[in-house]
Amino acid sequence: DRGVEPAKVFILIVIVLLVGGAAAKFTSRLLVRPLALLREGIREAQSGRLNTIQVSRGGDEIEELCLSFNQMIGTLATSRAEAGDYQRLLQEKTCQRTDELEQALQNALAASAGKSEFLANMSHELNLPISGVIGMLDLLLDNPLTVEQREQLKTAQHCAHSLSALMN
């Protein structure tokens, strides 16, 4: 009977190995594979790729965890899209406001140039008559005058010189 015993042991070992292998495969299918998929999904999300993962339907906590992960990825993707839309809107508004500011600057520069030209023209146009007035006052002061007339002409001459200096 000793020959039968090693055969029974061998068969028992084979059965234990088969049961162990089946248990390992079952455990791998139910636990390890979903966790590996979840880990890979997390790595993808960390690198900016928001992809959902395959969920193993087991009705357990791992399935719930994977479903929650996929829901979080969906929410993040929606938020990313909304942020992208908002960024595009801000860029459009920034471009529009920049264009408006550039136009306002051009208008202000044109107005300033117009004002400068107007002032230059007015200064020239007013300087000619004032110079004429000063010249005429100088001629009048060369003539015989009463003290009162001379005083009034000198006051007028002083005012004309002040006005000329102001315009210059």
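Every read-out reported here was derived from the displayed coordinates using simple, explicitly stated rules and does not represent laboratory data. Just so we're clear, the structure is a prediction, and the values are computed from it rather than from any experiment. Positions of Cβ are backbone-derived with ideal geometry, glycine not excepted, and every protein chain shown enters the neighbour counts.
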message: Under a Cβ-only charge scheme (Lys and Arg +1, Asp and Glu -1), can you give me the dipole magnitude of the chain about the Cα centre, in debye to the nearest 20?
response: 1340
task: Could you point to the label whose value was computed as log10 I(q)/I(0) by the Debye sum over Cα atoms at q = 0.09, 0.17 Å⁻¹ for the structure here, given [x] -0.45, -1.00; [y] -0.71, -1.07; [z] -0.52, -1.08?
output: [y]
field: Inter-label distance for residue 64 and residue 156, nm, one decimal - labels placed 7 Å from Cα along Cα-to-Cβ
entry: 10.8
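Quick one: net charge around residue 36, please, counting Lys, Arg +1 and Asp, Glu -1 for every other residue with C-beta under 12 Å from its C-beta.
On the way: positive: 29, 33, 39, 43; negative: 40.
Value of the local net charge: +3.
Count the net charge of all other residues whose Cβ sits under 10 Å from the Cβ of residue 51, scoring Lys and Arg as +1 and Asp and Glu as -1. Walk me through the numbers before you get to the answer.
Values: positive: 49; negative: 40, 44.
Around residue 51, the surrounding residues sum to -1.
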field: Label-point separation in nm, residue 167 to residue 134, each point 7 Å along Cα→Cβ
entry: 1.0
field: Which of 135, 109, 83, positive extreme of dipole for the chain (C-beta unit charges)
entry: 83
statement: The helix 61-141 Cα axis meets the longest alpha-carbon principal axis of the chain at an angle in degrees, between 0 and 90 and rounded to 10, of 10
- prompt: Relative to the first principal axis of the alpha-carbon coordinates of the chain, what is the inclination of helix 4-27, with its axis defined by its Cα atoms, in degrees from 0 to 90 and to the nearest 10?
  reply: 20
message: Charges on Cβ only, +1 for Lys and Arg, -1 for Asp and Glu, centred on the Cα centroid of segment 1-102; of 73, 31, 95, which one is farthest towards the dipole's positive end?
response: 31
